[in-house]
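To keep things clear, I will list the structure first and then write my remarks on it.
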């Protein structure tokens with residue numbers, strides 16, 4: 001994937017990978033060349049100028065799921081990796097016109113059993129960055145934010161569930177949402193700061209983007225015409241598609257580390273989002289994670305007695 005597209009990574013609340021578009025169809029752009037249209041299976045396959053494959057699935061109720069695929073993985077919202085199982089579930093859902101059965105439990109993305117997250121780091125630089133993020137999420141002393149425990153391992157056992165922190169090879173960073181099972185890569189950009197890394201780790205722990213909540217229309221305006229599709233491609237619009245299973249606990253959190261800023265992916269001198277209450281742009285929360293980020297992490301991962 002063209003990692004230059006992945007120039008931010010922010011989000012919140014649990015979610016499935018189904019994207020409910022405010023639009024009912026995917027507009028064709030000059031940068032997208034239609035390759036295959038299978039009306040019977042409601043599956044449109046396109047090629048981008050970068051040689052990537054864009055899968056557009058038409059689902060029940062006018063929902064559109066756009067999943068971008070390259071040689072390495074499949075992506076939704078640029079920093080979310082889509083598992084093969086979920087991709088196939090969406091494909092079957094489009095074919096049968098039924099709601100896809102995704103890898104989540106009780107409406108939530110798959111959580112890590114017992115709140116224990118095993119992990120490996122590929123380089124010393126990545127190790128140091130991960131340690132800084134973990135020290136804030138799982139303090140070695142003092143009050144714990146949630147019932148989570150990060151445990152570094154050097155030789156994963158066959159079939160063991162763990163996060164492999166690896167270099168992304170480009171500007172962006174990306175992660176799966178929730179535990180996938182087995183080795184699960186979380187790719188880190190060299191420029192990454194601590195709180196963007198916390199954003200990606202929260203993805204891996206089950207959080208999705210705050211601005212994809214079904215009730216986001218009560219709190220923010222999405223300015224679709226200000227999204228720079230000429231620079232980032234038509235698929236970048238999926239960053240703002242509503243996730244119907246994004247639970248969105250409590251009031252909208254303008255301070256969440258899982259919320260995009262208004263200038264992310266925007267055309268020059270424009271914004272992609274404004275607040276409903278005062279019309280002001282949303283700021284990037286790259287220097288903290290919020291009280292509610294910690295509160296919801298605590299709710300998703302209460303203290304477990306069997307933690308190491």
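Bear in mind these aren't lab numbers, they're just calculated from the coordinates by the rules spelled out. Since the structure is predicted, the reported quantities are computational estimates derived from the model, not experimental observations. All Cβ positions, glycine included, derive from the backbone under ideal geometry; neighbour counts span all protein chains shown.
Observations on the model:
- Normalised alpha carbon radius of gyration of region 140-195 [divisor 2.2 N^0.38 Å]: 1.33
- Footprinting exposure proxy ranking of 165, 207, fewest other C-beta atoms within 10 angstrom first, gives 165, 207.
- At an R0 of 35 angstrom, the distance between the Cβ atoms of residue 166 and residue 47 translates into a FRET efficiency of 0.80.
- Ranked 292, 254, criterion: other C-beta atoms within 10 Å, fewest first: 254, 292
- On full extension, the segment bounded by residue 270 and residue 228 gains 14.2 nm, given 0.36 nm per residue less the C-alpha separation.
- Gain on full extension, evaluated as 0.36 nm per residue between residue 125 and residue 95 minus their Cα-Cα distance, stands at 6.3 nm.
- Fewest neighbouring Cβ atoms within 10 Å first, the residues 188, 134 line up as 134, 188.
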